[in-house]
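Engineer: Please see the structure below; I have some questions.
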Amino acid sequence: MRAIVTGAARGIGRAICLRLARDAQASGGAKLVLSDQHADELKSLVDEIRVLGGQAVAVPGDMSDPALPAAIVKASEAFGGLDALVSNAGFAIPGPLASYEMENWDKVFAVHVRAPWLLAKAAYPALKESRGAIVVTASISGTNAQTPLGPYSASKAAALMLVRQLANEWGPDGIRVNAFSPGLTITPGTAAAYSTPDARAQREGRVPLRRMAEAEDMANVVAFLLSKDAAYVHGVDLLVDGGLSNTVMASLDMNGWKK
């Protein structure tokens, strides 16, 4: 498996890298190009992948930099090609839309929409040759409005449409393109939301499976979407939220309906 993973140093991205490295141990080891703005943690991850028998190249940087995607793909040439691209980098700048700064809006969209497109564009020749796969990390926020994350939600919705468009255009070239939408997941970026037992219990109580997702739950989904088992899965958004999105009506007070 020759793959690119962005947002690789922490949380879901790190779990994806380690899962791919473990899966490839019996077949010669994974060959991964990793990118993240947390350079020190990225270096540590490179060492972990090597322990698992893989090879890894780190390309640190901020995905809002329009030059970075091409540099990341260029680094994959060291492995003689590319089988998979996982566009996972993401972040949020909360705020009300009425007073939101345009600079922040543009950066959120640059990371969640422009960067996946530029990565895919740069990787297109290699993925066409290998008949490879692209996975984009979206969010349940992309299909559910969420205050105060309006720009984040809008950018994730745009990323989902980008996936559908790429799937339509590149399917004939043998490139599979899919997204997955994590639900409430414990990562370094979301840890503050679960910092107290009451806050965590409140959120877990809303999820039908009654637990928060771990980063490894998402890595398992990505491993499937990149695998031959998903050879006919194309242009989808795989919802991975423990059933949370199905609970809108369940959250309402239905006492008036009782006999």
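Engineer: Those residues that are among the polar types (S, T, N, Q) and more than 17 Å from the chain's Cα centre (by Cα), I need them from segment 27-47; list them, please.
Structural biologist: First, the residues of segment 27-47 that are among the polar types (S, T, N, Q): 27, 35, 37, 44.
Within segment 27-47, SER27, SER44 meet the criteria.
Engineer: Any residue in segment 163-176 that is closer than 12 Å to ALA231 by Cβ sitting within a Cβ distance under 7 Å of a residue that is surrounded by fewer than 13 Cβ atoms within 10 Å (Cβ to Cβ)? List the pairs, counting only those 6 or more apart or interchain.
Structural biologist: GLY174/ARG131
Engineer: Another question about this same structure. Take the residues of segment 211-232 that are out of contact with any strand residue (DSSP E or B) (no Cβ under 8 Å at 6 or more places or on another chain) and outside any helix (DSSP H, G or I): which is nearest to GLY189 (Cα to Cα)?
Structural biologist: So the first thing to find is which residues in segment 211-232 are out of contact with any strand residue (DSSP E or B) (no Cβ under 8 Å at 6 or more places or on another chain), and the list is 211, 216, 219-220, 223-224, 227-229, 232.
So of that shortlist, the ones also outside any helix (DSSP H, G or I) come out as 211, 227, 232.
Values: ARG211: 18, SER227: 28, TYR232: 33 Å.
My answer is ARG211.
Engineer: Can I ask one more? Among the residues of segment 109-122, write down those that are buried (at least 24 other Cβ atoms within 10 Å of the Cβ) and under 11 Å from ALA158 (Cβ atoms).
Structural biologist: Answer for segment 109-122, where residues must be buried (at least 24 other Cβ atoms within 10 Å of the Cβ) and under 11 Å from ALA158 (Cβ atoms): HIS112, PRO116.
Engineer: If you don't mind, another one. Looking only at segment 48-82, count how many residues are surrounded by fewer than 21 Cβ atoms within 10 Å (Cβ to Cβ), part of a loop (DSSP other than H, G, I, E, B) and either within 20 Å of the chain's Cα centre (by Cα) or of a type in the set (A, V, I, L, M) (or both).
Structural biologist: Qualifying residue count for the region: 8.
Engineer: Please name all residue pairs, on different chains or six or more residues apart, with Cβ atoms under 7 Å, provided the first residue is in segment 199-215 and is closer than 16 Å to THR247 by Cβ and the second residue is of a type in the set (Asp, Glu).
Structural biologist: ARG210/GLU204; ARG211/GLU204; MET212/GLU204
Engineer: Do we have any residue at all in segment 172-185 that's buried (at least 18 other Cβ atoms within 10 Å of the Cβ), within 14 Å of the chain's Cα centre (by Cα) and assigned to a loop (DSSP other than H, G, I, E, B)? Explain how you work it out, then say what you get.
Structural biologist: Taking segment 172-185 as the starting set, the residues that turn out to be buried (at least 18 other Cβ atoms within 10 Å of the Cβ) are 175-185.
Cutting the leftovers down to within 14 Å of the chain's Cα centre (by Cα) gives us 177-185.
Next, from what is left, pick out any that are assigned to a loop (DSSP other than H, G, I, E, B): 183-184.
Yes, the conditions are met somewhere in segment 172-185.
Engineer: Name the residues in segment 124-156 that are small (Gly, Ala, Ser), farther than 19 Å from ILE12 by Cβ and modelled with pLDDT of 95 or more, would you? Write out each step before concluding.
Structural biologist: Restricting attention to segment 124-156, the residues satisfying the condition of being small (Gly, Ala, Ser) are 126, 130, 132-133, 138-139, 141-142, 145, 150, 153-155.
Okay, now just the ones that are also farther than 19 Å from ILE12 by Cβ, so 126, 130, 132, 145, 150, 154.
ALA126, SER130, GLY132, GLY150, ALA154 - these are the residues of segment 124-156 that are small (Gly, Ala, Ser), farther than 19 Å from ILE12 by Cβ and modelled with pLDDT of 95 or more.
Engineer: Select, from SER87, SER155, SER99, the only residue that is hydroxyl-bearing (Ser, Thr, Tyr) and without any contact (Cβ under 8 Å) to a residue 24 or more places away in the chain.
Structural biologist: Working: SER87 fails: without any contact (Cβ under 8 Å) to a residue 24 or more places away in the chain; SER155 fails: without any contact (Cβ under 8 Å) to a residue 24 or more places away in the chain.
Unique residue meeting the criteria: SER99.
Engineer: Here's a follow-up. Does segment 135-151 include one or more residues that are closer than 24 Å to ALA21 by Cβ and among the hydroxyl-bearing types (Ser, Thr, Tyr)?
Structural biologist: Yes, there is a match, as at least one residue in segment 135-151 is closer than 24 Å to ALA21 by Cβ and among the hydroxyl-bearing types (Ser, Thr, Tyr).
Engineer: Just for segment 1-39: of the residues that are part of a strand (DSSP E or B) and of a type in the set (Lys, Arg), which one is surrounded by the most Cβ atoms within 10 Å (Cβ to Cβ)? Quick ask: steps written out before the conclusion?
Structural biologist: Initially, segment 1-39 is screened for residues part of a strand (DSSP E or B), giving 2-6, 31-35.
This time we only want the ones that are of a type in the set (Lys, Arg), so: 2, 31.
Numbers: ARG2: 20, LYS31: 23.
Going through the qualifying residues, I end up with LYS31.
Engineer: Further, regarding this structure: Would you please name the residue that is farthest from ALA231 (Cα to Cα), looking only at residues in segment 45-73 that are without any contact (Cβ under 8 Å) to a residue 24 or more places away in the chain and not acidic (Asp, Glu)? Before the answer, list the steps.
Structural biologist: We begin by selecting, within segment 45-73, every residue without any contact (Cβ under 8 Å) to a residue 24 or more places away in the chain; these are 46-47, 50-51, 65, 67, 71.
So of that shortlist, the ones also not acidic (Asp, Glu) come out as 46, 50-51, 67, 71.
On the way: VAL46: 29, ARG50: 28, VAL51: 30, ALA67: 32, ALA71: 29 Å.
Per the criteria, the residue is ALA67.
Engineer: Does LYS121 qualify as being among the basic types (Lys, Arg) and within 20 Å of PRO66 (Cβ to Cβ)?
Structural biologist: Numbers: among the basic types (Lys, Arg): yes; within 20 Å of PRO66 (Cβ to Cβ): yes.
Judged against the criteria, LYS121 is a match.
Engineer: Then there is this: Evaluate the following for ALA145: is it touching a Gly at 6+ places or on another chain (Cβ under 6 Å) and either assigned to a loop (DSSP other than H, G, I, E, B) or over 22 Å from LEU225 (Cα atoms) (or both)?
Structural biologist: Details: touching a Gly at 6+ places or on another chain (Cβ under 6 Å): no; either assigned to a loop (DSSP other than H, G, I, E, B) or over 22 Å from LEU225 (Cα atoms) (or both): yes.
In short, no.
The values are calculated or read from the model by the stated rules, or taken from the named source; none is laboratory data. Model, not experiment: these values are computed from the prediction. Please note: Cβ atoms are built from the backbone with ideal geometry, for glycine as well, and neighbour counts cover all protein chains shown.
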